[in-house]
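For reference, the structure is listed below as structure tokens.
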Amino acid sequence: NAGVTQTPKFRVLKTGQSMTLLCAQDMNHEYMYWYRQDPGMGLRLIHYSVGEGTTAKGEVPDGYNVSRLKKQNFLLGLESAAPSQTSVYFCASSLGRQGPAYFGPGTRLTVT
Amino acid sequence: GESVGLHLPTLSVQEGDNSIINCAYSNSASDYFIWYKQESGKGPQFIIDIRSNMDKRQGQRVTVLLNKTVKHLSLQIAATQPGDSAVYFCAENKNSGYALNFGKGTSLLVTP
């Protein structure tokens, strides 16, 4: 039982490049989330999904897109990376609406 | 918007002492609260949660207290150990919400 895994662990992009971050969970959780964490700040919600085939915007969705084609996977895409997207990205999943969310190890992204 | 905040950004305690980390919340509709521990370079790790119909919940060496009257949440760690050194986040959710709203975190440093 690996829990929540994220790939890649690190990535450096140039401004304007695109990339996809992959999140996978093996706990059969319905809910999945993408957060970003910047220095001195808490985690801010980018997008979330309440089930396979559904996605919704969070607090800071601009510049990101997501897809949940399979229940166990939640993809975060950056179509045209900007330096402001330099951050650590965390994926999480939970069984339902209220209950612990379990986090992955994070992806450290730098956009130059 | 409504926010979850922490009283102190840093807390230093001696090994063996008890630690208390405080958190204030402003959303009176919040009915689920959770504490996370984040070690350097890792994802947040679930510690303990509490629902609004409870005032206190205990885990292994940790206790969460909820005072709904003054909208205050605290995490007590008994016999603090060096391995407890980390950043601690409180988070909340209201019944109509789909995701956790995080505070900015308190850094706990345990000295020998």
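The values are calculated or read from the model by the stated rules, or taken from the named source; none is laboratory data. Nothing here was measured: the structure is a model prediction, and the numbers come from that model. FYI the Cβ positions are ideal-geometry reconstructions off the backbone, even for glycines, and counts take in every protein chain you see. Accessible surface areas use protein heavy atoms only, side chains included; no ligands, DNA or RNA. Shrake-Rupley method; radii C 1.70, N 1.55, O 1.52, S 1.80 Å.
For the reader, a short list of remarks on this structure follows.
- Percent carbon-and-sulfur accessible area, chain A, ignoring ligands, DNA and RNA, probe 1.4 Å: 54
- Whole-number accessible area per residue in Å² for the protein assembly as shown, which is evaluated in the context of all protein chains at 1.4 Å: 48
- Projected label distance in nm at B:K56 and A:M27, using a 7 Å step from Cα toward the beta-carbon: 2.8
- Among the GluC sites (Glu not before Pro) found in the stretch A:5-112, those both in a DSSP coil and sparsely packed, with 12 or fewer other Cβ atoms within 10 Å of their Cβ, are A:E79.
- Expressed as a whole percent, the accessible surface of chain B that belongs to carbon and sulfur atoms is 47, based on a 1.4 Å probe.
- Per the accessible-area calculation with a 1.4 Å probe, the total area buried between chain B and chain A rounds to 1700 Å².
- What the phi angles of the stretch B:25-33 give under the Karplus curve with 6.51, -1.76 and 1.60, with θ = phi - 60°, is a coupling list of 10, 10, 7, 5, 7, 5, 9, 9, 9 Hz, glycine and proline written as x.
- A Cβ-based charge dipole, computed about the Cα centre of the stretch B:17-112 with Lys and Arg at +1 and Asp and Glu at -1, lands at about 160 debye.
- For the listed residue pairs A:K9/B:K37; A:K14/A:K71; A:K71/B:K68; A:K57/B:K94; B:K56/B:K104; B:K37/B:K94, the alpha carbons are over 25 angstrom apart in A:K14/A:K71; A:K71/B:K68.
- Dipole in debye (nearest 20) - chain A, about Cα centre, beta carbon charges: Lys, Arg +1; Asp, Glu -1: 160
- Look at the dipole of chain A built from charges on Cβ: of A:Q98, A:T15, A:Y31, the Cα furthest out on the positive end belongs to A:T15.
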